[in-house]
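A.B. asks: Structure in structure tokens, see below.
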Amino acid sequence: MKQLVIDFQKCDAGRNCNHECELECAIKVFKVDDPAQAALQIKAYEDGGGHAVLCDQCGDCVVVCPSEALKRNKLGVVMINKTVCVGCYMCIGFCEKDAFMRNSDWITPHKCTSCGICVKVCPHGALAIVDVPEPAVRII
Amino acid sequence: MSQLVFDPSKVMTIDYTQRTEYLDGLEAIKAAHKVLKEITYTPSLPDKGYTNRTLYVNVGSLEIKEKPVTQQMKDVFIGGRGFGLYHLWNAVKPTTRWNDPENEIIISPGPVSGITQYAGTGKSLVVSLSPQTEIPIDSNVGGFYGPLLKFSGFDALELQGKSDKDIILFIDGVKGIIRIEEAPTDPVDSHVLAEILTHMYAENEADLPNISVVSTGAAAEHSLIGMLNFSFYDRRRKCVRFKQAGRGGIGSVFRNKRIRALVVRGPKVAGDLNHPADPETIAKTGIKYHKEIRENDGSQCMMRRNGTAHIVEIMDAYDLLPVHNFQYGSHPDTHKIDSSYWQQRCTQHTVDGCWYGCSMACAKGADGLVLRTGPYKGDMVTVDGPEYENAAGLGSNCGVFDPDYLLELNFYCDTYGICTITYGTLTAFVMECYQRGILDKQRTGGLEMTWGNAEADLEMMHQMARGEGFGKIAGMGVKRMKEYFIRNGYGDPQLINDIGMENKGLEYSQYMSKESLAQQGGYALTNKGPQHDEAWLIFMDMVNKQLPTFEDKAEALYYFPLFRTWFGLNGFCKLPWNDVVPANNSSQPEAHKVPEHVQNYVDLFTATTGIQITKEDLIVQSAKVYNFQRVFNIRMGKGLRLHDAAPYRSLGPVTKEEYESRAERYDKQIVDEMGLDPKGKGTEEKMALHREWRTGRFSQLMDAVYTRRGWTLDGVPTLERLKELGLDAFPEVVEVVKQHL
Ligand code: SF4
Ligand code: SF4
Ligand code: SF4
Ligand code: SF4
């Protein structure tokens, strides 16, 4: 399964970059010029270091979705089918990583597709797409 | 009590795809349908929760017409149960009985119903004159029919008249077609009928979730306790499942009108079909609540794992689980049917909400049950539930502790179209009558109705479905059975009346109220008879101990029936209100009201309708409808103090065994509450003291509650109260009340 990972040895949480990853994700993947809508969010801690809101494709949201709008694709990536989605936002509420995103202008939520577009623009090379085994389905 | 820990490794693996299918006869059944009437209309979606029109269908004359929703209807009645009562009032006269053609069945979802972002927002309310109580009954039910009806363009459906052949009403909310079809060869029982109709009216597989069917079954036809199944398509199991409008016999009215089924085909559901005024607030409130469930459900009620059955063991531990017709409050075999069992037996890795967005997901399903009796013997079926009421009513209250039999009873109640709660309570009554010699094998036509005899219990139900034998007598319900047994001289009338657990003609639901004064009032001082929709106070009173004083209890009997009525005006489920609470709830003022959730409801109403309300307005909205319903009861010849009387079993120990099983507690009450000395007194004498004290206390409670509700001591809303609520705008309402002041 394809998974986006971040290395905080390299990422300095936006102190020496312009959050290129977020902007590129928002523009290229979700076609909005607003980094707050990106599927990843890099936050700096005041005392140094940082934290990333990233989807690790754990699949919890697939389990809670009532309309089967969420499925893994061939690469193991959890993808949303917007025509089936009923906009209940249970996926958002049940994602422990807060990685399922919502844009107030859209009725369906959105998430990371492990496409790797952000990886290419990170000036510090802190992001990567890795291949890891799919986790077992959890009862939640 | 220690908190139950969920162990996923213990969940039984059951292959639900092995379920028996019933689609074989579909084509022939479809070919036999004959169109009796068809009209076209313009479908529309709601605006701020309302479509602003309702649909009237007369199944006798085949008249179909639209009616506008007036501003007054919205201001006074809001929707749901309010709209139902409003239409019913206009349809019937004081002399109308349940089986007259002018009686109606009204289904209305309410303005908030159909949003998908908050838990428990897909309910509809069903209202009719009840064959059991002969006054209005209302039932709050899940399934997709209500929301899909609204998304097809109607805030309510009124069904009036009586057909002379079996019919189906089909509403196609996509194409704009309403059709009444004769259905001469359709199967009778819900699990077969709804599966066939769902596939018959869906245009393709993707359309299956857009279909919902309302149906009942064979026993509804031959009894007064019929219920309605509201279907929803379970995408993961790929099967049709049900939620029930159970109480009060509306299924019997449905069959009396010879309606076989109602089918709606709605548009594909999306998150914005209800067109709320402020979707952002709804989204934020919904996500906040979903997170709360994720974080707290596992350590609070485990609704997602067990559904409502999670309280079986709590009720047992607190001596409140009804055992043997409400005689006792616990049983050594309870562990066989408690939630540690159900969470292994119910399928777990699936989504069990009865409408989209219900993160509480209590609508559990037990798959893979192979039936041992009846017309479907040998079939493998999915059972909806069991809910707490079924486990307690069909189980402990009748002494049935075999979970497979319990599931089978549950399954047949559902498919035969009878209320599980009612059936449980009436069977418990029959079994106690059998124990006490009021009934015997001869009087039951050979049924050995001993405690726990599930086979005899099932046979009685099959008889009810066939309209034969003792099953037919039982199907009249407890009230009419009592009258029948007394008339035939079967036993001591006082004993029969004391142990027959009904009030206003409706059977008690499954909580032992004997030790909870608040719940005694919660059951008997209700508009529609004893259920847990209006006032479920037993947990607050006995487990959480949040109502310590007499005044607290009386106040709770003012506030909670009104608060809970509001769910039914709007199409909410009441479970998400307090089956999970915010982590800091207990430190909040008035914790028992769950203030954060009350605010959520206020916000959801305002965000849907655009009408600004406060938590105080919410109570006023309910009070209008609640008092209207009370006056409606009076108009129909009930609704006075005498009709709020409770059977003694619900107030105190009827028999020596009951007293002695709790002698220590009861003796102590003689000292503490009555200031007397139990020493040297015989059990009979002590029982008499208790009876006097308990009935006196109940009567005092009535006085206090009526006064707080703004009613006379005879239970009649005063003219001042009606004026305060704006109900004086309805001269007919004022007229009814005037005759009783
Ligand atoms: S959005 Fe959240 S729940 Fe869904 S796969 Fe990603 S991390 Fe898991
Ligand atoms: S919002 Fe859509 S994708 Fe998310 S859980 Fe609900 S239906 Fe599924
Ligand atoms: S992998 Fe693609 S979708 Fe995910 S955060 Fe990066 S750019 Fe956005
Ligand atoms: S809590 Fe249960 S009954 Fe209520 S809406 Fe959710 S699934 Fe349905």
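A.B. asks: Got the relative contact order for chain B handy, in percent, Cα pairs under 8 Å and 6 or more residues apart? Walk me through the numbers on the way to the answer.
C.D. replies: Numbers: 1646 pairs, mean separation 107.7, N = 741.
Relative contact order comes out at 15 percent.
A.B. asks: If contacts are Cα pairs under 8 angstrom and at least 6 residues apart, what is the relative contact order of chain A in percent? Walk me through the intermediate numbers first.
C.D. replies: Working: 264 pairs, mean separation 46.4, N = 140.
It comes to 33 percent, rounded to a whole number.
A.B. asks: Something else: Quick one: order B:Met360, B:Met674, B:Met302 by neighbouring beta-carbon count within 10 Å, fewest to most. Please report the intermediate quantities before stating the final value.
C.D. replies: Working: B:Met360 24, B:Met674 14, B:Met302 21.
Ranked by crowding around the Cβ, least crowded first: B:Met674, B:Met302, B:Met360.
A.B. asks: Quick one: which of B:Lys479/B:Lys638; B:Lys48/B:Lys123; B:Lys238/B:Lys268; B:Lys10/B:Lys574; B:Lys65/B:Lys150; B:Lys123/B:Lys574 span more than 21 angstrom between C-alpha atoms? Before the final figure, lay out the partial values.
C.D. replies: Values: B:Lys479/B:Lys638 15 Å; B:Lys48/B:Lys123 17 Å; B:Lys238/B:Lys268 17 Å; B:Lys10/B:Lys574 30 Å; B:Lys65/B:Lys150 16 Å; B:Lys123/B:Lys574 10 Å.
Where the Cα-Cα span goes over 21 Å, the pairs concerned are B:Lys10/B:Lys574.
A.B. asks: Add +1 for every Lys or Arg and -1 for every Asp or Glu among the other residues with Cβ under 9 Å from the Cβ of B:Leu727, and state the total. Write down the numbers at each step before the final one.
C.D. replies: On the way: positive: B:Lys624, B:Arg721, B:Lys723; negative: B:Glu724, B:Asp728.
Neighbour charge sum, excluding B:Leu727 itself: +1.
A.B. asks: Counting Lys +1, Arg +1, Asp -1, Glu -1, what net charge surrounds A:Arg102 among other residues with beta carbon under 12 Å of its beta carbon?
C.D. replies: Working: positive: A:Lys111, B:Lys284; negative: A:Asp98, A:Asp105, B:Glu280.
Here the charged neighbours net out to -1.
A.B. asks: Which lysines, if any, have their Cα less than 18 Å from the Cα of B:Lys441, not counting same-chain residues under 8 positions apart?
C.D. replies: List returned: B:Lys472, B:Lys482.
A.B. asks: Past the 13 angstrom mark, what percentage of all C-alpha to C-alpha distances in segment B:654-697 do you count?
C.D. replies: 48
A.B. asks: Then there's this: At a threshold of 8 angstrom on Cα-Cα distance, excluding pairs fewer than six apart, so keeping six or more, what relative contact order does segment B:517-738 reach in percent?
C.D. replies: Numbers: 211 pairs, mean separation 48.3, N = 222.
RCO, segment B:517-738: 22 percent.
A.B. asks: Please rank B:Glu483, A:Glu134, fewest neighbouring Cβ atoms within 10 Å first, as an exposure proxy.
C.D. replies: Placing the least packed residue first, the sequence is A:Glu134, B:Glu483.
A.B. asks: Average partner chain C-beta neighbours within 10 Å, per residue of A:89-99? Could the numbers behind the result be given before it?
C.D. replies: Values: counts 13, 15, 2, 6, 14, 6, 3, 3, 0, 1, 0.
Mean shielding by partner chains, rounded to a whole number: 6.
A.B. asks: Let me ask something else. Run the helix sum for the protein assembly as shown: -39,500 (n - 2.57) per DSSP H stretch of 4+ residues, divided by residue count, reported at 222 nm to the nearest 500 deg cm²/dmol. Each step should come with its number before you reach the end.
C.D. replies: Working: 30 runs with 295 residues, N = 881.
Rounded to the nearest 500, the figure is -10000 deg cm²/dmol.
A.B. asks: Just how far, in whole angstrom, is segment B:356-433 from segment B:1-45 if you go by their alpha carbon centroids?
C.D. replies: Between the Cα centre of segment B:1-45 and that of segment B:356-433, the gap is 17 Å.
A.B. asks: For the protein assembly as shown, build the convex hull from the C-alpha positions and give me its volume per residue in Å³.
C.D. replies: On the way: hull volume 147.4 nm³, N = 881.
Output value, Cα hull per residue: 167 Å³.
A.B. asks: What is the distance in Å between the Cα centres of segment B:578-627 and segment B:663-683?
C.D. replies: The distance from the Cα centre of segment B:578-627 to that of segment B:663-683 comes to 42 Å.
A.B. asks: Gap in Å between the Cα centre of segment B:147-222 and the Cα centre of segment B:466-506?
C.D. replies: Distance between centres, Cα-based: 34 Å.
A.B. asks: What is the spin-label model distance, in nm, from B:Thr42 to B:Glu63 if the labels are put 7 Å beyond Cα along the C-beta direction?
C.D. replies: Reported label-point gap for B:Thr42 and B:Glu63 is 2.4 nm.
A.B. asks: Hey, fewest Cβ within 10 Å first, where do B:Ile167, B:Ile287 land in order? All intermediate terms of the calculation are to be shown ahead of the outcome.
C.D. replies: Details: B:Ile167 28, B:Ile287 23.
Lowest count first: B:Ile287, B:Ile167.
A.B. asks: Next up: Of all beta bridges DSSP finds with both residues in chain B, what is the antiparallel percent, to the nearest 5?
C.D. replies: In chain B, approximately 85 percent of DSSP beta bridges are antiparallel ones.
A.B. asks: Now for a different question. Compare the peptides B:19-32, B:173-186, B:329-342 by average per-residue count of other Cβ atoms within 10 angstrom and give them in order, highest first. Mind dumping the intermediate values first?
C.D. replies: Working: B:19-32: 13.8, B:173-186: 17.9, B:329-342: 19.4.
In decreasing order of mean packing, B:19-32, B:173-186, B:329-342 become B:329-342, B:173-186, B:19-32.
A.B. asks: Net charge around A:Ile27, counting only other residues with Cβ within less than 12 Å of its Cβ (Lys, Arg = +1; Asp, Glu = -1)? Intermediate results must be reported in sequence, preceding the final value.
C.D. replies: Numbers: positive: A:Lys28, A:Lys31; negative: A:Glu20, A:Glu22, A:Glu24, A:Asp33, A:Asp34.
Residues near A:Ile27 contribute -3 overall.
Each reported figure results from applying straightforward, stated rules to the coordinates on display, with no laboratory input. Computed from a predicted model, the values in this text were never measured in an experiment. We place every Cβ from the backbone using ideal geometry, glycine too, and count neighbours over all the protein chains shown.
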